[in-house]
Amino acid sequence: MGDYWAGTKFKIVNKIIDGKNVEVEIGNNTLQYVLTNRLTGMRSFGQKKHRFKVLKKRKKAKAVKSLKNKGFKDEEIKEILKGINTFKWKIFSEGTFNRYLGVLKQFCKYLKEKFQTSHLTMFEAEKYIQEYIDVREARGLSANTLNTDLSALCKIFGQKISDYRHPPRHGVHLKNDPTKYNTETGETTRDVALISGLRRRELGHLKVDDIKFIDCQTVHIFSIGKGGKHNRTVLKGIVAVEKLKEYIDRAEKMNNDFLLTKAEARVPDGLHYCRAMCAQITYNAVLQEMENDPAKRAEYIQKIKDEFKRCGRKLKENLDKPYRLRGYNREAALSIGKPIVYDRVAAMYVSLFIIQHFRTNATILHYLVK
């Protein structure tokens with residue numbers, strides 16, 4: 001990816017930057033145009049990342065066999081394998097693409113103000129990635145925001161995040177006021193988000209026909225999630241079932257195929273907080289059920305194994321081993337009165353059937369410890 005400016009026409013001009021005479025490369029096209037085209041070429045919406053991971057694994061296995069036959073040493077093979085990646089330059093989520101596009105525009109705006117031109121080459125712009133992150137950090141932006149900014153720029157420029165200084169991203173944190181964006185229009189949206197745990201985009205695309213009632217206490221919601229994944233959310237409880245039936249009746253009376261109206265789907269409310277609350281409610285319910293009836297643990301483990309099999313994934317975590325927070329996350333959890341040890345069976349159930357993850361660490365750090 002390092003030859004992206006090869007063959008590009010550019011000229012060297014002198015600019016006075018911070019009181020110094022600096023030579024910079026100026027291209028024919030605007031920097032934003034070039035970067036946008038590059039980012040657009042990475043879109044792979046609707047494709048499954050897992051398929052590319054399997055392909056990557058196969059390519060590495062084939063390469064190891066070939067390199068060993070050619071007499072390469074283990075250390076040499078290890079370095080060569082680092083360059084094999086089938087999905088590094090792809091973007092599977094429209095939300096991620098839009099977020100990266102926003103970062104791109106802000107970065108180009110920063111450089112335009114600095115150099116008084118929109119026509120810097122990618123080669124020239126790349127030199128100022130670290131400076132841009134440092135400036136953003138000095139403004140007091142969160143570690144999560146800075147890491148997202150850096151991830152976007154490294155993706156676009158073909159760089160490694162580890163080559164840049166940036167604050168660590170920690171999982172455990174709690175917003176000062178998660179309800180400050182709540183609106184009257186968003187009351188229904190928040191309620192559905194709290195019941196289902198769906199993401200904002202998934203809520204907006206949720207149709208009445210996507211909701212299937214299994215019995216009086218179980219409902220399945222089918223949706224297309226991040227990366228084009230075909231998700232199945234499993235909700236349990238009479239309250240959840242009855243509430244969803246009420247919202248379906250309301251939609252049918254309005255002749256609306258979607259569960260929410262367009263206005264409700266676009267509210268600025270803190271829906272991620274509702275998603276976290278749904279995860280916590282489900283986790284505690286599963287945990288309580290297993291404590292009341294120890295035989296339920298085996299049932300939940302089997303459901304987890306069946307779901308991994310259905311999705312063609314391999315269960316790598318030891319469900320008998322509790323998940324323990326350590327280091328910063330442990331101290332942060334204690335400071336907000338949250339547990340530091342989590343039942344892995346209950347956490348994995350929430351991961352699979354509410355959050356749509358295949359591992360427990362992200363679910364625990366970003367949803368259960370909130």
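The values are calculated or read from the model by the stated rules, or taken from the named source; none is laboratory data. Values in this document were obtained by computation on a predicted structure and should not be read as measured data. All Cβ positions, even for glycine, are placed from backbone atoms using ideal geometry, and neighbour counts span all protein chains on display. Ligands, DNA and RNA are stripped out before the accessible areas are found, and what is left, the full protein with its side chains, is counted by its heavy atoms. Shrake-Rupley method; radii C 1.70, N 1.55, O 1.52, S 1.80 Å.
Here are some notes:
- If the condition is being acidic (D, E) and over 29 Å from the mean Cα position of the chain (by Cα), then the stretch 220-272 contributes E242, E246, D249, E252.
- Those helices (runs of 4 or more DSSP H) of the stretch 307-370 in which 2 or more residues are surrounded by 22 or more Cβ atoms within 10 Å (Cβ to Cβ) occupy 344-350, 360-363.
- Entry remark, the stretch 34-50: residues being under 19 Å from S223 (Cα atoms) and either open to solvent by 70 Å² or more (accessible area, probe 1.4 Å) or in contact with a His (Cβ under 6 Å, 6 or more places away or on another chain) (or both) number 3 in total.
- Unique match (being of a type in the set (A, V, I, L, M, F, W, C), at pLDDT 95 or above, out of contact with any helix residue (DSSP H, G or I) (no Cβ under 7 Å at 6 or more places or on another chain) and farther than 30 Å from L55 by Cα) among A333, A263, A298: A298
- G71 vs. criteria over 15 Å from the mean Cα position of the chain (by Cα) and at positive phi: yes
- Exclusive hit being at pLDDT 95 or above, more than 23 Å from R199 (Cβ to Cβ) and among the basic types (K, R), set R326, R344: R344
- Just one of (1) outside any strand (DSSP E or B); (2) open to solvent by 60 Å² or more (accessible area, probe 1.4 Å) fails for F213. It is (1).
- Residue that is in a loop (DSSP other than H, G, I, E, B) and over 24 Å from M348 (Cα atoms), where the choices are D249, D269: D269
- Among the residues of the stretch 51-68, those identified as open to solvent by 80 Å² or more (accessible area, probe 1.4 Å) and more than 31 Å from the chain's Cα centre (by Cα) are K65, K68.
- Meets criteria (in a loop (DSSP other than H, G, I, E, B), closer than 24 Å to F222 by Cβ and in contact (Cβ under 8 Å) with a residue 24 or more places away in the chain) for R275: no
- Set I16, I12, I26, I91: member being β-branched (V, I, T), in contact with a strand residue (DSSP E or B) (Cβ under 7 Å, 6 or more places away or on another chain) and open to solvent by 80 Å² or more (accessible area, probe 1.4 Å): I12
- Within the stretch 90-135, the only residue that satisfies the criterion of being modelled with pLDDT of 95 or more, touching an Asp or Glu at 6+ places or on another chain (Cβ under 7 Å) and over 30 Å from G46 (Cα atoms) is I133.
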